[in-house]
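**Student:** First the structure, which I've put down as structure tokens, then a few questions once you've had a look.
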């Protein structure tokens with residue numbers, strides 16, 4: 001019997017590692033990933049049948065529908081947090097229980113197209129905003145009380161570029177598993 005590496009299934013692109021140094025090229029690459037994410041998500045799920053949206057990427061993990069809705073929830077929060085840190089002096093952001101949000105009816109029952117539309121709009125606006133920032137703005141921060149950490153905007157953008165890759169890999173993984181989890 002084949003052993004399943006649950007950590008590999010949970011983090012198919014590896015865990016996020018905060019970069020020690022950041023170049024302009026890094027930032028441009030992360031902005032590009034954020035801008036491309038809605039299109040990539042749309043391409044992956046657009047041909048899926050309803051039953052395939054229930055496929056999970058790992059045992060006890062979210063299904064494809066939940067992953068898409070989670071991305072919309074998470075990226076809307078990230079966009080709002082970006083605006084807060086640009087307009088307030090080191091704001092404290094509000095955490096949310098993503099695991100509980102993933103169990104609400106708008107996540108478990110709503111068509112994925114609704115969240116794909118949200119992702120498209122949020123990422124367009126977020127990308128426009130990020131493309132107009134000064135170097136001083138990239139260094140602005142917020143405090144995340146759940147983790148007890150201060151996050152700089154450039155690190156947040158790196159994290160969300162990773163988040164895009166992370167969840168696209170989850171969807172691909174669920175499709176490869178063909179509903180076996």
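Just so you know, all these numbers are worked out from the coordinates, no wet-lab data involved. Please read all numbers here as calculations on a predicted model, not as lab measurements. So basically every Cβ, Gly included, is an ideal-geometry build from the backbone, and we count neighbours across all protein chains shown.
**Student:** Using 0.36 nm per residue, how much length does the chain from residue 177 to residue 54 gain when fully extended, once their Cα-Cα distance is taken away? Numbers along the way, then the final one.
**Tutor:** Details: separation 123, 0.36 × 123 = 44.28 nm, distance 1.18 nm.
Going from the current span to full extension adds 43.1 nm.
**Student:** Working from Cα positions, state the angle (0 to 90°, nearest 10) between the long axis of helix 24-45 and the longest principal axis of the chain.
**Tutor:** So the helix axis and the longest Cα principal axis differ by about 30 degrees.
**Student:** Report the dimensions of the range 113-171 along its three principal axes from the alpha-carbon atoms, largest first, rounded to Å.
**Tutor:** Dimensions of the range 113-171 along the principal axes of its Cα atoms: 35, 28, 18 Å.
**Student:** For the chain, what D do you get in µm² per second when you plug the Kirkwood radius from alpha-carbon pairs into Stokes-Einstein at 37 °C and 0.692 mPa s?
**Tutor:** Values: Rh = 17.2 Å.
In µm²/s, the coefficient rounds to 191.
**Student:** Taking R0 as 41 Å, what's the FRET efficiency between residue 5 and residue 114 from their Cβ-Cβ distance, rounded to 0.05?
**Tutor:** Details: r = 33 Å, r/R0 = 0.82.
Calculated transfer efficiency: 0.75.
**Student:** If I model the range 61-139 as equal point scatterers sitting on the Cα atoms and use the Debye formula, what is log10 I(q)/I(0) at q = 0.12, 0.20, 0.21, 0.26 Å⁻¹?
**Tutor:** -0.41, -0.90, -0.95, -1.18
**Student:** If you don't mind, there's one more thing I want to ask. Which angle from 0 to 90°, rounded to the nearest 10, does the C-alpha axis of helix 112-130 make with the longest principal axis of the chain?
**Tutor:** 20 degrees
**Student:** For the residue pair residue 150 and residue 39, what label-to-label distance in nm results when each label sits 7 Å from Cα along the Cα-to-beta-carbon direction?
**Tutor:** Here the modelled spin labels are 3.8 nm apart.
**Student:** Continuing with this model, one more query. Between 26, 60, 73, find the one with the highest GNM mean-square fluctuation for the chain; connect C-alpha pairs within less than 10 Å.
**Tutor:** Result for the chain, Cα springs under 10 Å: 60 fluctuates most.
**Student:** Once every DSSP H run of n ≥ 4 in the chain is given -39500 (n - 2.57) and the sum is divided by its residues, what mean residue ellipticity at 222 nm do you get, rounded to the nearest 500 deg cm²/dmol? Could you put the intermediate results ahead of the total?
**Tutor:** Values: 8 runs with 107 residues, N = 181.
Helices in the chain give a 222 nm mean residue ellipticity of -19000 deg cm²/dmol.
**Student:** Just to confirm the number: angle between the C-alpha axis of helix 153-177 and the first principal axis of the chain, 0 to 90 degrees, nearest 10?
**Tutor:** 10 degrees
**Student:** May I pose another question? For the residues 126, 101, what sequence is obtained by ranking on other C-beta atoms within 10 Å, fewest first? Intermediate results must be reported in sequence, preceding the final value.
**Tutor:** On the way: 126 24, 101 16.
With the fewest neighbours first, 126, 101 line up as 101, 126.
**Student:** Another question, if that's okay. Which distance in nm do the two modelled labels at residue 17 and residue 76 give, with both placed 7 Å along the Cα-to-Cβ direction?
**Tutor:** Here the modelled spin labels are 3.4 nm apart.
**Student:** Order the peptides 62-69, 150-157 from the highest to the lowest mean number of other Cβ atoms within 10 Å of their residues. Could you put the intermediate results ahead of the total?
**Tutor:** Values: 62-69: 24.0, 150-157: 18.5.
Result, highest mean Cβ count within 10 Å first: 62-69, 150-157.
**Student:** Another question, if that's okay. Hey, fewest Cβ within 10 Å first, where do 124, 81 land in order?
**Tutor:** Numbers: 124 12, 81 18.
Listing 124, 81 from fewest to most nearby Cβ atoms yields 124, 81.
**Student:** Give me the percent relative contact order of the range 35-177, please, defined on Cα pairs under 8 angstrom at least 6 residues apart.
**Tutor:** Working: 139 pairs, mean separation 51.9, N = 143.
Averaging sequence separation for qualifying contacts and normalising by length gives 36 percent for the range 35-177.
**Student:** Taking the highest mean first, how do the peptides 6-12, 16-22 order by number of other beta carbon atoms within 10 angstrom per residue? Could the numbers behind the result be given before it?
**Tutor:** Details: 6-12: 14.1, 16-22: 10.7.
Answer by packing, highest mean first, reads 6-12, 16-22.
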